[in-house]
Structures are given as C-alpha cells and as structure tokens.
Amino acid sequence: MAVVDRVQGEAGEEEGVRQPLETAVVRFAGDSGDGVQLTGSLFTLSTALAHHDLTTFPDFPAEIRAPAGTTYGVSAFQIHFGGREIRTIGDRPDVLVALNPAALKVNLDDLRPGTVIILDTGSFTERNLRKAGFTEDPREDGSLDAYRVAAIDISGLTRRAVAHTGLTSREQLRCKNFFALGLVFWMFDRDLGPVIDWTRQKFGRKPALCEANIAALKAGHAFGETAEMPQLPAFRVPPASIEPGLYRAVTGSEAMAYGLLDGARKAGLQMTFCSYPITPASPLLHVLAKLRGYGVTTFQAEDEIAAVCAAIGASYAGALGVTSSSGPGISLKSEAIGLAVMTELPLVVVNTQRAGPSTGMPTKTEQSDLFQALYGRNGDAPVVVLAAASPADCFAMAREAVRIAVRHMTPVILLSDGFLANAAEPWRIPDLDALPAFPARFHTDPEGFAPYARDERLVRPWVRPGTPGLQHRIGGLEKRHETGEVSYDPENHQRMTELRWNKVLKVAEDIPEQELEQGDPGDRICVVGWGSTYGPISRAVTTRRRRGEKVAHLHLRYLWPLPRNLGDLLSGFERILVPEMNKGQLVQLLRSRYLVPAIGLSKVSGRPFGVAELEQALDRLSEECP
Amino acid sequence: MNAPARPLQPKDYASDQEVRWCAGCGDYAVLKAVERVLAEIGADPANTVFVSGIGCAARFPYYVATYGFHGIHGRAPAIATGVKLANPELDVWVIGGDGDMLSIGANHLAHTLRRNVDLTLLLFNNEVYGLTKGQLSPTAPLGSRTPSSPLGSVENPLSACRFALAAGARFVARGIDTQKDLPAILRAAHDHPGTGFVEILQNCIVYNDGAFAEITERAVAAERQVHPVHGEPLLFGAERRKGLRLAADGSGLEVVEIGPDGEGMEEVLRHDRTNLALAGMLAALEPPMPVAIGVIYDNPAPVSYERALRGQEEGERERLGEADLGAMLRRGPVWMVTA
C-alpha cells in the first residue's frame, strides 16, 4: 500500500518519460458483466477533473446478460479526450483494454498498427478463445504483431490484490475492472483520489467490496508504475483551454430532460411526460421520473399509443404534453400525431432514433427516421421537425421544441439518436434564470370566442378546460374554419389543409436564419449535416480548412420548416456533400426543395461516421471535380 | 354560462349541435339520461369534459354543452388519463362503444381500470359495428351473421363487465339505454371516486335491432333481469318470488323459487356491492338466467391514480424545499474551470 501512495506523490516527476499526445482515444471492452460501463464513466469523471475536453460513447449489446465470453456479449465504452476541443468519439482507439478474448476479437478491426492493447491473459482460456471464435490463440499466431500488446494477468493480479478482503473468488474477480482502470490511470497520469472518494460513497454499505475495489484500483496503478513493460507506454495529454465556468458531464438524454424541464418552466406550464419503455429512448423517462418534484408528471403508459394520446390529453387540459420513443414506437404514434395536427395542440415528440427497419438494431445508432418525421402520417399532416447536434445541444433544442410547440400550437418532433442519447460530454451549466422565457398564453375571454380563429401567425387560441364560458368541442374530424364545428364542406377542407400547412411554414419566421458552422458562403464545397454527424463533419472540415481548402460546414437543426435563407445559402456552393446515417433522406429533401446538385454520403452500419471516412469522401469529391 | 343564477336544467346541457344519430337509436336515451344526471349533480359545464374515441357513441361529446374532445379509435381512455394527469380537478366522462373499448382500445380500457383514474366511463354495447355498417363486434354472440361474418361468427364474445372486473375495476355497473333506472346507475358511477365503469346495453336500430330483446322486452324483463341493491336479497320475477342462491356445487348462482310462506328466502344471497366474488358471478349471468342490471360492484380504493401521483409530487416538492432546477444542476459531480 505504501508503494501506491508514493507513486501518487511522485506522479509529476516522471514527465520526461511520458509520451506527449494532443488527444487520446481509449476503449474499454469486456463481457457485459465485467463492469465496462462503470469503468468508462469513472474514467470520464477523472478525465473531466484533469481539465480535458472529452466525448464518450458506450456501445453495449441489446441482450441484457448475453452468454459470457461470446462476441455478441461484448460491452464497450470509448472516450476521446485531449488538450483541444473534442468533437467526436475518435475514429480509432490509441489504447484498447480487452478484458476477454471476445472483446479483442470484435475490436481488432478498428485498430491501427502501434495501438496499445492491454489484454487480460487470465481470461485467455481455451474455452474463452473458442467462444470468441479464435481457432488459434491470437497471442501466438502472429496476428497481433503490428500492435503493442501488454499481456497482463489482470484476473490473477486482481485476485491477489483483494484476497485479504474476504470476498469469494467470484466476487474477487469482479474487481478486475478496477485494476484495469488503475492501470489506465497510471498511463494517463491521473489522480486516484476522486475515484476512491466515489467508490467509498457508492459502496460504503458493503465495506468488503468497497475496500476490494479500491485495492484493485491501487494495484493496477502500482503495476503500471513498476512493471517497466515497453509495450505499456505512459502518456502526457495537455489540459484543454476550456471556457471558464461550472461544468458537469451530460448525456444527450440528461440534457434533453433538463431542456424540456426548463422549457416547460419558461412557458409557465406543468409538463406531462408520457412514454413507454423502448431502447434507446428509455433513459429520458428515467431521468425525468427522478425529477418529479421539478414540475413534471411522468406517466409510463401501457403502450406507445396510450403515451402519445395521454400527452395530447394533457396538452388539451392545459399542460405541456410530451411523449418520447424510438422509431418503432413513433410508427405506432403516427395516427395520434395526426390528431394533434388536426386539433392544433402543442405536443413535443422526442424520437431517439435507432437502426431500423422494424426492430432493427435497438442499441445501434442511425438517423433514418427523418422521412418518418416529415411525412410519416396519413393525410397532409405537417409538423415542425428539429434535430439536436450533440449531447449538450439536446438541452437547447429541447427548449426550442417546447417554445415552438407552445407559441405555434403544433406538434414538434425532436430528433435525437442512440449516439446522442448515450454519448456524454462536458456541459457548462447555464444560468437558467438568464435564458429567455416564452410564457404560454391561454385564451380566457368569451367575447367573440371561436376555437379555430387565427392570429397573424395562423395560430388558434389555447383554452384550458375549466375556463368559464369557453366550452367547445374539438376532435379529429375536419373543422370548419374559425367555428371548429365538424365540416365536410369541400372548399373548407381545401382551406383548412392549406391553413395547417402554412401555419407550420410560418414557423420559419420564428427561427434563426441558417449560419455556417465553419467557412464562408463563397467556399467551393459545403458539407451539410444534421443531428449527431455534427462532430465528425466539424472535425473533418477543420482539418481541410487548415490545409487551405475552401470547405464549409452547414449544420441543420431546423429540418421543417427549413430556415428561410437556406436556399440562397446553398446556391452559392459549387458542390454540396450531405453525409447521413441513412440512405440519403436529407439530401433528397434539399434536392427536391432547392434543386441543388447535392450529393449524399450514406453510412448505415449502426456506428457514427469516422472523421477519416468523411475526409475520404471529400477527397473523392475533389478528384471528381478538380 | 357564468355563475348560473338558477340551477341548470337537463336541457341546458345540450349543445347547439344537431344530433345526427339514426332515428330510434338507443344513444338518444343515454344522452337524455346523462343530461339528467349532469343537472342532478349540478355539474359546472366549464369544469366538465367529455372524451370519446371513434364510433357512433363517440359522437356524444359534440352534443353536450361542456368541454369535449373527440379522439381517435379506441384511445379515449388514454386521452382522458392525460386530461386528468394535467388537471385532476376536471370532471371527466369517457364515452365509447364495444368496438372502441373492447376491440381496438381494449388495452387502454384494461389499464385505465387497473390504474383507477377518476373518470366516469360509459361503454355503449350494441354488439355491432354501426358506423362502419354492421360488422362483427367483440361482444357479438357466437354465430352472428354480419357482412364480415356471412357464415356466422365462430369466435366467443367478450363480456364487458367481466372484463372490467378482471382488469381490477372498483366500480362496475350495467344499464339499459331506455330503462328508467339508467340515470341512477350513471349517478352512482359518477359518485364513485375512481373509475366508474358502466356497460350500457344499447339498441342499434339499423344493424342489430332487438339484440337485447330477450332481456328488455316488457313481457320478459321481470324474469330476465335482476336488480342488485346493496344489502337487499337478490330477488327477481314479476312477483319477486324468485331469488339467487349459491349453487350447491359451487359453480355459480342458481335460481331458487320462493314458497308462499317465504320458503327458500333464507338461502337467497344478499347483495354486497363490495364482494368481488359475488360481483363476478352476477356479471357472468346470461339468459336464460336473469341478467344483472344495476351496480354490480362498488368498492372504492383509498385514492385514485392521478391523486396518488400528485401526492408523490407534493412529497417530492416538500422534500426538496425549493424545487430549483438550476440549483439541482449545480449539485453532484460538477467541476469548476477557471480562466
């Protein structure tokens, strides 16, 4: 124990031997029961405290406890951090921690030569090798020669380090993630203190387990310090220059929840959040269910349809109705979203997209529900469609969704995705009181009241049931203009269809003009993105611009209606590249809307774009049109 | 309608809309009964909401001078749940037919009943799809010939009241559209704190005329209906000389003839509206046995769903003191970056 303490004290003295890195990508991988996600989040905490910028992404199997040792049971957590602004999860790891053979197997393709691989050799039994699909031991057949392999008996060393705690052999082994964490802490020169504090708080009620985890952590750190393995380099990553302020790490789901809550508060409304469990949307329900003292009622409905219908009922009654799901659930909600279009009530629908069609790949990300959001209803049923670009951006866009829904009496579909929902990044905590308010206005005057009378924005009045003298009936049948009475009159239907359409188009007057994230309107190429492709596009464009190339980045957060200056802005570029995690949905919208020669770049592997993939696409574009 | 100077009359609850049900439809009678109950309870039209799904019955909200929401097929209980979540003070009535609530929306009905949302829920059962022109409904008897079952139905019908009891309803009643005790049954459902569920046997004059004739015809009504009254013996028949007792084999209820000197009376069960087992047996009675008309089960839960949720939220606010989201965000794993 004394050794470990000395190591911590001397951490600063060995900088000379630490290899400098501007940014680093670390991927922890193991069995779904190995505690990989916990390891990742503790490393994230430590990374933030070391003042690096960072982005993280958990990648876990759809099965809750897949059979141990299998490739489909591998759970991973990747973190990209460093001394500059971090916008992506990193294309390829610099360090892979593989806690079993299956974890090595599924991640090997992502590694480039020279990557550090930390292997738990204790798990490399014949049985585990076979389960992972290795016919030969990869440590012996030369297939790992290109990498720096630190083969360490993490299982055995962990057992030895925690033997004194009285845990069973099985329990001892479950501490091995803390050993690995301690080792990686040594690699990146981290302070163990905060994680030890966290462990004491978390496991305080189970003293043996608490002590064992701390002992494993320290043993891992001490191993790095004393092993002197040439394959085990130590790195020094500089702190990033970060805007001063108070920070916390947020996932997209958390930021979304906070944004919805602040939006409801700024509208002066109680929120009624109605949802049904579905991957990867459920975390939003979980976060809000814990915040019921902050102005939200959460309702776990019996199905997706009940969830959206209850949200509509809540909006009708004068609260802010919000429902949340992923693509398959949104399909079920589509009839009811049409009802909200017809009754012209505020409604926020969050779609945390996942790989489809049908059940698809529930835990893998995709952005293939744009068409569904724009068009996926019977009849001409226009809604506002927004998309968040990063985990922290979920906060701002959730507020926007509430603002627009309430001001324009319309359903708003807010698109997130599995990546955004689960990825985390540091978030400078805003001063909520300083953010603008947009109080909802309820109609209370019986004089000349008509439920479908419209103001200059074509918005009808919102009336809370309970208001004396304003009793009226609304529903899904076509309404007569102004009176709201049931009408099958042909000319009235034409007029109402156009009114509903134009009402949503008029939202364009209430959203910001489109700006370029990087570059100028006179540049040659514009990369147009939406949603979670923000990070990789941004990084790829930055790299090209540093080389002097005239490449711009435009990122859409308002997908319907589109920003009023978008057509003009796009027409100035020679080439437009639209990378999307679908078969080309935004590119089709832009081409049909503006008749611009935009080219799509499609990726539907369930994984985010890598920066290198985007750069290759830009290379091809340059070759084709020099 | 502001602060009415005189008590509102039933007709004051009729909206200005022309009622468009078929002439002779049982729905007219139910509308009248509801208007009467609204007047009786002195309902404030501004604080009353009628929510419906799709179907003939679901046009109901247009004809009542309160707030109204005509939803989509089957979803009225879910919409009404949302209304109550947002504002538990509103007096919410839910209207639907047998297709609406027992077929496409059966799921919502079951979950609304088990949650016990404080609603008055009226299921108009005419054993047929009216608005879509006469197809087979989930309550239609075996063998029913309809445009969608021309060879006769081979599926077993659902019993609305048994469904409600199985779902955990705390108030279950059955009424008949044109019968004079309907307002009293509706009133009892409304007074129940929690979901008051009423199945109304309703005649569809166009597609299923006489579906309930063997229960409702004047000539047979006394023999084919038993009207349970809490604490009273379960007697029926023109002379009330018949009673219901437990079958010796425990299989359910059977008829006992009461002798001229009251022989057999001691075996006749007394209705206990809080007895779930008895409610199950009463709800299951079908011709040739007398059908139970009236309040079959009424056993209020301590608190309705939306009140329980509100209670939790009030507890949370009390625990938090000032529920300040900004302060919450500044707690926990946060770190300061200085210039």
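Applying the criterion of at least 1 residues that are among the small types (Gly, Ala, Ser) and under 29 Å from A:Ser532 (Cα atoms) to the strands (runs of 3 or more DSSP E) found wholly in region A:28-145 leaves A:74-82, A:95-98. The set of residues from region A:116-139 being touching a strand residue (DSSP E or B) at 6+ places or on another chain (Cβ under 6 Å) and crowded, with 19+ Cβ neighbours inside 10 Å comprises A:Val116, A:Ile117, A:Ile118, A:Leu119.
For region A:612-626, a residue qualifies if it is crowded, with 16+ Cβ neighbours inside 10 Å and modelled with pLDDT under 95, and exactly one does: A:Leu621.
Run down A:Gly418, A:Gly466 and say which single residue is within 12 Å of chain B (Cβ to nearest Cβ) and over 20 Å from A:Glu498 (Cα atoms). After ruling out the rest, the residue left standing is A:Gly466. Taking A:Gly548, is it assigned to a loop (DSSP other than H, G, I, E, B) and surrounded by fewer than 21 Cβ atoms within 10 Å (Cβ to Cβ)? Yes, satisfied.
Considering A:Pro451, A:Pro430, which residue is within 13 Å of chain B (Cβ to nearest Cβ), surrounded by fewer than 24 Cβ atoms within 10 Å (Cβ to Cβ) and within 30 Å of A:Gln372 (Cα to Cα)? Exactly one residue qualifies, and that residue is A:Pro451. Filtered by the rule that a residue be among the hydroxyl-bearing types (Ser, Thr, Tyr) and either under 16 Å from the mean Cα position of the chain (by Cα) or assigned to a strand (DSSP E or B) (or both), region B:49-71 gives B:Ser52, B:Tyr67.
When A:Thr297 is tested against the conditions (1) more than 7 Å from chain B (Cβ to nearest Cβ); (2) at pLDDT 95 or above; (3) more than 30 Å from A:Arg159 (Cβ to Cβ), the lone failure is (1).
Counting residues in region A:415-425 that are in contact (Cβ under 8 Å) with a residue 60 or more places away in the chain, farther than 29 Å from A:Leu42 by Cα and out of contact with any Gly (no Cβ under 8 Å at 6 or more places or on another chain) gives zero.
Filtering region A:399-425 to residues that are among the polar types (S, T, N, Q), farther than 8 Å from A:Pro346 by Cβ and modelled with pLDDT of 95 or more leaves only A:Ser416. Screening region A:252-285 for residues that are farther than 19 Å from A:Leu432 by Cβ and within 14 Å of chain B (Cβ to nearest Cβ) and picking the one that is surrounded by the fewest Cβ atoms within 10 Å (Cβ to Cβ) gives A:Tyr276. Entry remark, region B:171-194: residues being assigned to a helix (DSSP H, G or I) and not acidic (Asp, Glu) number 9 in total.
Applying a threshold of 6 Å to beta carbon distances and a minimum spacing of six or more residues, or different chains, the list of pairs starting in region B:328-339 at a residue that is farther than 22 Å from A:Arg292 by Cβ and ending at one that is in a loop (DSSP other than H, G, I, E, B) reads B:Val337/A:Ile242; B:Val337/A:Pro244; B:Thr338/A:Pro244; B:Ala339/A:Pro244.
Pairs are defined by a Cβ separation below 6 Å, a sequence spacing of at least 6 or placement on different chains, a first member in region A:314-327 that is closer than 16 Å to A:Ala401 by Cβ and within 11 Å of chain B (Cβ to nearest Cβ), and a second member that is of a type in the set (Val, Ile, Thr) and assigned to a helix (DSSP H, G or I); the pairs so defined are A:Gly321/A:Ile312; A:Thr323/A:Val308.
Would you check which residues across region B:321-339 are among the small types (Gly, Ala, Ser) and either within 15 Å of A:Pro430 (Cβ to Cβ) or under 49 Å from the mean Cα position of the chain (by Cα) (or both) and list them? Listed by number, the residues that qualify are B:Gly321, B:Ala323, B:Gly326, B:Ala327, B:Gly332.
A single entry from A:Ala381, A:Ala398, A:Ala440 fulfils the requirement of being within 14 Å of chain B (Cβ to nearest Cβ), touching a Leu at 6+ places or on another chain (Cβ under 6 Å), at negative phi and assigned to a loop (DSSP other than H, G, I, E, B): A:Ala440. Taking the conditions (1) touching a strand residue (DSSP E or B) at 6+ places or on another chain (Cβ under 7 Å); (2) crowded, with 24+ Cβ neighbours inside 10 Å; (3) at the interface with chain B (Cβ under 10 Å from one of its Cβ atoms) in turn, A:Ala306 satisfies each one other than (1). Could you tell me how many of the residues in region A:469-501 are among the polar types (S, T, N, Q) and either within 14 Å of chain B (Cβ to nearest Cβ) or loosely packed, with under 14 Cβ neighbours inside 10 Å (or both)? So the count comes out to 4. Being away from chain B (no Cβ under 14 Å) and of a type in the set (D, E, K, R) is a description that applies to A:Arg354.
Residues that are at the interface with chain A (Cβ under 9 Å from one of its Cβ atoms) and among the aliphatic types (A, V, I, L, M) were ranked within region B:289-332; the one that is surrounded by the fewest Cβ atoms within 10 Å (Cβ to Cβ) is B:Leu320.
Of everything in region A:44-64 that is of a type outside the set (A, V, I, L, M, F, W, C) and under 14 Å from A:Thr23 (Cβ atoms), the residue that is farthest from the other protein chains (Cβ to nearest Cβ) is A:Thr55. Contact annotation: residue pairs with Cβ atoms under 7 Å, 6 or more positions apart or on different chains, pairing a residue in region A:528-553 that is on the phi > 0 side of the Ramachandran plot with a partner that is polar (S, T, N, Q) and not in a helix (DSSP H, G or I), are A:Gly531/A:Gln367.
Annotation: of all residues in region B:40-57 being surrounded by 24 or more Cβ atoms within 10 Å (Cβ to Cβ) and touching a residue at least 60 places away in the same chain (Cβ under 8 Å), the one that is nearest to the other protein chains (Cβ to nearest Cβ) is B:Ile54.
If I filter region A:527-545 down to residues being in a strand (DSSP E or B) and not aromatic (Phe, Trp, Tyr), which single residue comes out as farthest from the chain's Cα centre (by Cα)? This residue is A:Val527. In the set A:Phe188, A:Phe223, only one residue is of a type in the set (A, V, I, L, M, F, W, C), touching a Gly at 6+ places or on another chain (Cβ under 8 Å), away from every other protein chain (no Cβ under 14 Å) and surrounded by 18 or more Cβ atoms within 10 Å (Cβ to Cβ); that residue is A:Phe223.
The values are calculated or read from the model by the stated rules, or taken from the named source; none is laboratory data. Remember, predicted model here, so these are calculated numbers, not experimental data. Virtual Cβ from ideal backbone geometry, glycine too; neighbours counted across all protein chains shown.
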